[in-house]
Amino acid sequence: MTTTTDHAVDIDKHVRIYITVFVALMVLTIVTVAISYLHLPVHLAVTVALLVATVKGSLVACYFMHLISEKKLIYAVLLLTLAFFIALLALPTLTHSNGFWIHETVQPAASSPGTGH
Amino acid sequence: MSEQATVAHKRHVAHEAHETIGFWRKYVFSTDHKVIGIQYAITGLLFLLFGFSLMMLMRWQLAYPETALPLLGRLLGDTRMPGGTMLPEFYNELGAMHGTIMVFLGVVPLAVGGFGNFVVPLQIGAPDMAFPKLNMLSYWSFYLGGVVMLASFFVPGGAAQSGWTSYVPLAIIASSGQTWWLIGMIFLITSSLLGAINFITTIIQIRAKGLSFMRFPFFVWAQLVTAFLLLLAFPPLEAAAVMQLMDRVAGTSFFLPTGLMISGQTLQVAGSGNPLLWQHLFWFLAHPEVYVLILPAMGIVAEIIANNTRKPLWGYRSMVYSLVFLGFMSFIVWAHHMFMTGMGTAMAAFFQTTTMIISIPSVVILTALVISLWGGSIRFNTPMLFALGFLPMFGIGGLTGLPLGLNITDIPLHDTYYVIGHFHYVVAPGTIFALFAGVYYWFPKATGRRMNETLGKIHFIGSFICMNVVFMPMFILGMAGVSRRLFDGGAAYAFAGPYLHWNVVSSWGAWILALFQIPFIFNFFWSIWKGERVGDNPWEATTIEWSAPSPPPHGNFAVIPEAHRGPYEYSVPGAKKDFTPQFEA
Amino acid sequence: MEIPYTVEVRRDTGLTNGKIGIWLFLASEVMLFGALFASYILIRTGAPSWPRGDTILNVPLATFNTIVLIASSVTMVMAWASLMRNRFGTFRIYMGATILLGLVFLIVKYFEYGAKFEHNLYPSTNNFLAIYFTLTGLHMLHVFGGMVVNAYFWGPGSKLWKTNPTWFTQRVEHSGLFWHFVDLVWIFLFPTLYLL
């Protein structure tokens, strides 16, 4: 690991980035709350909110957590995690969507997940 | 000669340095991976024995339903076995805890915590794990989890009794033992997560110079992939356990549907929950968990086969790629445990497809191991016998999994004894045989002594025969339609009548299997003090752990070794010996 | 006995053990919170009706808390940057600010939960509240845990700066990564629970 003084020059640049990111995060927070007052239809509201959150989250990850300049191994681990994260989020709900993809010719009886079996 | 004197001197110096650490820091709260590994191994073996004992009790009830168990029956008291006859609730406790203990307190701690901890740093030429203190924390978290699980037998209502799968809503209305189960699981999951972080970091960072990834012993690859499975698959179960705890203790309805009736009364909860959510989160872990059970075993078998055929493993590269692919696929097959829950046809097709695909890497690995035998100079010592026994047993286990993974054939087989036969073949004469093999194989490294071969062979032959006697009949019972978890083994159903005698066969197989473990237990402890003394490399093996003294001192190597070649350079043409160790210049 | 690559990076990976360790831990945390988000999705899509967040929860208060947590993330990274610039005094100020902001977050949550309980709104009342309390409760435990570690590095742990400043800086960085992750989870939690 190089000494701390070598990094001093880099750090000044980084600090400027941190302040910029902070301001961006504040703005985006106000934006997302403001949009929520519009009471958009659910699907649109979810999409917009998640989009803004993803941008905010990416800023935190890339700049505060230095992910933008991380090593390949870390990227590999996180990519793997992301793949399984998506599977975990998507598959259970898809499993209970009736006739997903394939047209059901026989109506499943009272099978909405809320009531359970 | 002088090299040995140097090693002896270094060992002496290391030993002296250790004198200043008290007994507690050296043997109980040690941060040395070898001590921790042995702690895990012994605790794991004890839990395996205990879990086995629970099953032997169950098998009495299955063979002779509602008959008093002589002697032992009355000792268990009126809340469990009044007059020596088992209560259904107690049968369910035994069933749930047998599964839980074998999987989470027995096999994984032994395979990963025990063998992984002891062998991996030595095999990669490391002085210890990357995070020794975290390692110690892992063990004691596991230990606490074990204590909580054992203690649960003594709370009012007894231990968890809703299956090792703790399906809801039953588990939510169950007695307080279930709460203990959930808390115990949180400790165990924490232990595994911390351990996984340690293994991955250690294998990647602390490996010796020259030890590139494709020069790893297959055992190291197996532990690396296993660690990733533990790291990423366990947290959802932890989240689910918290939610089930909330449902049980805080009155939430994560898993409770609206209008649920218990004994004619509607449950007074908010409702609107989803019982299948539990199943998804549970199986998201539990499927990768079964690969956690098998991968280290495959690793052990691979090491022992290479060593005892005196030739390199056939298809090492394919085996490694298969291992990695298997690990990845294991995360997207889980709902094949849920084919009967009413899922849409598309998702059923998806999970059926991924399940069929995942059988391919398993077959590749098994085939490569079998082909590795071809043309070898096979030494039939005890580790090798168990390793060889593993192959057809895992084969049967794997093949019988296929109809379960196809949703059409799963319909008649789901939740029957067929399933029990399938998974026990993989875990019992599968993984546990590999673990036995590993004990016999690495015992000399840990103790500087060999275990007795005759007792080992008796252990093997008896266990091999009895395992098949116990589990083969279960396929017959299952195909006849006898459900698992029936406290009378199917006796209440007329259709099961012609097949019930198989229960008796299985039970006697289990009890005799227990007798054949006695030579092993005796051998294990007797050999620690009286076993034949051996040098550093009694098996004439090629991997780095055999360059360390037996047993290795704190820090393992006087001089950090370097890897100069692949892990299985046996019978190299032109070489002086029939093995060229990885660590030799 | 020295474990290699604790402080110096390994050439081929470019990483220290601790850096890999903390990222692996965070990967597992992604799966932990992921499971709760997956649960939220399954329960919400299966529920006959679901209240909009702002009809039950206090959005202005939570917005304030969001700003507090984001600010604490900035002070955290500035604490690390101070160490990289060899300014230990500044480090203590920024780290102290991080801990204080965390405390503010917790205090606000205390009042938020208190207000819910006062109106007889408990986890058992309905599934919206159940998932709300569980998600924010687990998040809160992580905030608390992070604060404890940060307090250790602000206080007794800071002795390490004198004997091994590089390692101390790295450990603060790792603690910071955990803290940023906690902020990141909140960045998704906040709109999901409060605004949708």
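The values are calculated or read from the model by the stated rules, or taken from the named source; none is laboratory data. Small disclaimer: the values here were computed from a predicted structure and weren't measured. In this analysis, Cβ positions are derived from the backbone assuming ideal geometry, glycine residues included, and neighbour counts consider all displayed protein chains.
For (1) touching a residue at least 40 places away in the same chain (Cβ under 8 Å); (2) in a loop (DSSP other than H, G, I, E, B); (3) closer than 30 Å to residue B:473 by Cα; (4) touching an Asp or Glu at 6+ places or on another chain (Cβ under 9 Å), each residue gets a yes or a no:
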position	(1), (2), (3), (4)
B:511	yes, no, yes, no
B:526	yes, no, no, no
B:556	yes, yes, no, yes
B:559	no, yes, no, no
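Figure legend. Inter-residue proximity from segment C:60-86: first residues at the interface with chain A (Cβ under 7 Å from one of its Cβ atoms), second residues crowded, with 20+ Cβ neighbours inside 10 Å and of a type in the set (D, E, K, R), beta-carbon distance below 7 Å, spacing 6+ or different chains. Indicated pairs: C:70/C:183; C:73/C:183.
Inside segment B:325-345, can you point out the residues that are of a type in the set (A, V, I, L, M) and either assigned to a loop (DSSP other than H, G, I, E, B) or at the interface with chain A (Cβ under 8 Å from one of its Cβ atoms) (or both)? Listed by number, the residues that qualify are B:332, B:333, B:335, B:338, B:343. Just one of the listed residues (C:184, C:141, C:177) is surrounded by fewer than 18 Cβ atoms within 10 Å (Cβ to Cβ), within 13 Å of another protein chain (Cβ to nearest Cβ) and under 21 Å from the mean Cα position of the chain (by Cα), namely C:141. With respect to the stated conditions, residue B:165 fails to be in a helix (DSSP H, G or I) and either within 19 Å of residue B:290 (Cα to Cα) or not basic (Lys, Arg) (or both). In segment B:565-585, what residues are among the charged types (D, E, K, R) and more than 21 Å from residue B:317 (Cβ to Cβ)? Correct list: B:576, B:577, B:578, B:584. Number of residues in segment B:479-499 that are within 23 Å of residue B:93 (Cβ to Cβ) and of a type in the set (A, V, I, L, M, F, W, C) equals 5. Can you find a residue in segment C:95-109 that is closer than 15 Å to residue C:53 by Cα, assigned to a helix (DSSP H, G or I) and at pLDDT 95 or above? Looking for residues that are closer than 15 Å to residue C:53 by Cα, assigned to a helix (DSSP H, G or I) and at pLDDT 95 or above, one finds none in segment C:95-109, hence no. Mind listing whichever residues of segment C:44-59 are under 25 Å from residue C:115 (Cα atoms), aliphatic (A, V, I, L, M) and at the interface with another protein chain (Cβ under 9 Å from one of its Cβ atoms)? C:59 - this is the single residue of segment C:44-59 that is under 25 Å from residue C:115 (Cα atoms), aliphatic (A, V, I, L, M) and at the interface with another protein chain (Cβ under 9 Å from one of its Cβ atoms). The set of residues in segment C:2-32 being in a loop (DSSP other than H, G, I, E, B), within 7 Å of chain B (Cβ to nearest Cβ) and touching a residue at least 12 places away in the same chain (Cβ under 8 Å) consists of C:3, C:5. Here residue B:81 passes the criteria (1) in contact with a Gly (Cβ under 6 Å, 6 or more places away or on another chain); (2) closer than 20 Å to residue B:178 by Cβ except the one numbered (2).
Output the residues belonging to segment C:100-118 that are of a type in the set (D, E, K, R) and surrounded by 15 or more Cβ atoms within 10 Å (Cβ to Cβ).
C:109, C:112, C:116, listed by residue number.
Candidates in segment A:36-45 are the residues that are part of a helix (DSSP H, G or I) and more than 8 Å from every other protein chain (Cβ to nearest Cβ); of these, the one that is surrounded by the most Cβ atoms within 10 Å (Cβ to Cβ) is A:44. Name the pairs whose Cβ atoms lie under 7 Å apart, with the first residue in segment A:6-23 and farther than 18 Å from residue C:94 by Cα, the second surrounded by 12 or more Cβ atoms within 10 Å (Cβ to Cβ) and at pLDDT 90 or above, and 6 or more positions between them or separate chains? Within 7 Å, the pairs are A:7/C:84.
From the list B:257, B:235, the one residue that fits, being within 14 Å of chain C (Cβ to nearest Cβ) and surrounded by fewer than 24 Cβ atoms within 10 Å (Cβ to Cβ), is B:257. As a summary of the residue check, residue C:155 satisfies the conditions (1) under 21 Å from residue C:99 (Cα atoms); (2) small (Gly, Ala, Ser); (3) within 14 Å of chain B (Cβ to nearest Cβ) except for the one numbered (3).
Residues that are in contact (Cβ under 8 Å) with a residue 60 or more places away in the chain, crowded, with 17+ Cβ neighbours inside 10 Å, in a helix (DSSP H, G or I) and within 14 Å of chain B (Cβ to nearest Cβ) occur in segment C:119-128; there is at least one.
Looking across segment A:46-88, the residues that are free of Cβ contacts under 8 Å to residues at least 40 places away in the same chain, among the aromatic types (Phe, Trp, Tyr) and facing chain C (nearest Cβ under 9 Å) come down to A:84, A:85. Which number in (1) at pLDDT below 95; (2) within 26 Å of residue C:45 (Cβ to Cβ) marks the one condition that residue A:33 misses? All conditions pass for residue A:33, except number (1). Among the residues making up segment A:67-100, those that are modelled with pLDDT under 95 and not in a helix (DSSP H, G or I) are A:96, A:97, A:98, A:99, A:100.
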